[in-house]
Amino acid sequence: MFNVLKEDIRTTFERDPAARSVWEIFFFYPGFHAILLHRLAHGLWLRRFNWTGRAISHFSRALTGIEMHPGANLGRRFFIDHGMGVVIGETAEIGDDVTLYHQVTLGGTSTRKEKRHPTIGDHVTIGAGAKILGPVKIGHHSKIGAGSVVVRDVPPYSTVVGVPGRVVGRSPDECGEDIDLEHGRLPDPECIALKALCDKVEQLESEIDSLKKKLDSPRKAE
C-alpha cells in the first residue's frame with residue numbers, strides 16, 4: 001500500500017506541472033484523495049465489508065466531489081485532474097496510466113446486475129465533460145475529446161470526438177508509451193466538413209462565372 005501511495009504521488013508530479021511538493025499533493029489534491037480512499041474502499045469491498053466500503057466511498061464523495069463506487073477497479077498510476085463531478089460506476093474497469101479530467105462520467109445503461117459500465121484500456125486520456133456510457137471498451141492509447149459522448153467500442157490508438165462520439169483518427173505509429181495530455185489538439189470533423197463545403201461552393205461559383213463569360217462573349221460579338 002505504501003508503494004502504491006508513492007506511485008500515485010509520483011504520478012501527480014508527472015502529470016500536473018502545478019504540483020510543487022509532496023505535502024501539497026497529500027493535503028490539497030482532491031483527485032489524489034479520491035484515489036487513495038477508493039483503494040481502501042475497494043479493498044474492503046472485495047473482502048465483503050460492503051457497508052464500510054460504501055461509507056468510505058460516500059465520505060470521499062462529500063470531501064472531493066468525485067464519486068467512485070467501491071466496486072470499480074482502478075489500475076496503477078491513475079490520475080484525476082481537478083476531478084469535480086467525476087462519476088465512476090460499480091462495474092467500471094480502468095487500466096494503467098489513465099488520465100481523467102473533471103466532469104467525466106463512466107456510467108451504466110442497464111438496470112440488471114451485470115457488467116454495465118465501461119472498460120478503459122491503458123494509456124487513455126479522457127477530456128473534461130466526456131461521457132462514456134454502457135459496457136463499451138476503450139482501446140489502449142486512445143484519446144476521448146472533451147464533451148464527447150461515447151456509446152460504442154473504440155479501437156486502440158483512436159481519437160474520438162463529438163456527440164455521439166466517433167473515431168476521427170487512428171495513429172498507432174505516433175503513440176508511444178508516454179502519456180499524451182495534448183487532448184486539446186484534436187481534429188474538428190464538423191469544421192473540416194464545413195470547410196470542404198465552402199471550398200466546393202467557391203469552385204462551383206468559379207465554374208458558373210466562367211460559363212457566363214463564355215455565353216456572354218458570342219452575344220457581344222453580334
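For segment 1-26, a residue qualifies if it is within 15 Å of D81 (Cα to Cα) and not charged (D, E, K, R), and the qualifying residues are I9, T11, T12, F13, P17, A18, A19, I25, F26. Within segment 65-108, being buried (at least 22 other Cβ atoms within 10 Å of the Cβ), of a type in the set (S, T, N, Q) and under 18 Å from A41 (Cα atoms) holds for no residue. Being at pLDDT below 95, among the β-branched types (V, I, T) and farther than 16 Å from A92 by Cβ is a condition met by at least one residue of segment 24-38. I144 meets each of the listed conditions (1) buried (at least 21 other Cβ atoms within 10 Å of the Cβ); (2) under 17 Å from T11 (Cα atoms) apart from (2).
Every condition in (1) in contact (Cβ under 8 Å) with a residue 24 or more places away in the chain; (2) surrounded by fewer than 18 Cβ atoms within 10 Å (Cβ to Cβ) is met by K113 except one, and the failing one is (1). Summed over segment 127-155, the residues that are closer than 19 Å to M68 by Cβ and in contact with a Phe, Trp or Tyr (Cβ under 7 Å, 6 or more places away or on another chain) give a count of 2. For first residues located in segment 1-27 and buried (at least 16 other Cβ atoms within 10 Å of the Cβ), partners that are of a type in the set (G, A, S) and assigned to a loop (DSSP other than H, G, I, E, B) and lie 6+ apart or on another chain with Cβ distances below 8 Å form the pairs T12/A19; I25/A19. Among the residues of segment 110-159, those that are part of a strand (DSSP E or B), within 15 Å of T99 (Cβ to Cβ) and out of contact with any Leu (no Cβ under 8 Å at 6 or more places or on another chain) comprise I138, I144.
The values are calculated or read from the model by the stated rules, or taken from the named source; none is laboratory data. The structure displayed is predicted, hence computed values, not measured ones. Neighbour counts are summed over all protein chains in view; Cβ atoms, including those assigned to glycine, are modelled from backbone coordinates with ideal geometry.
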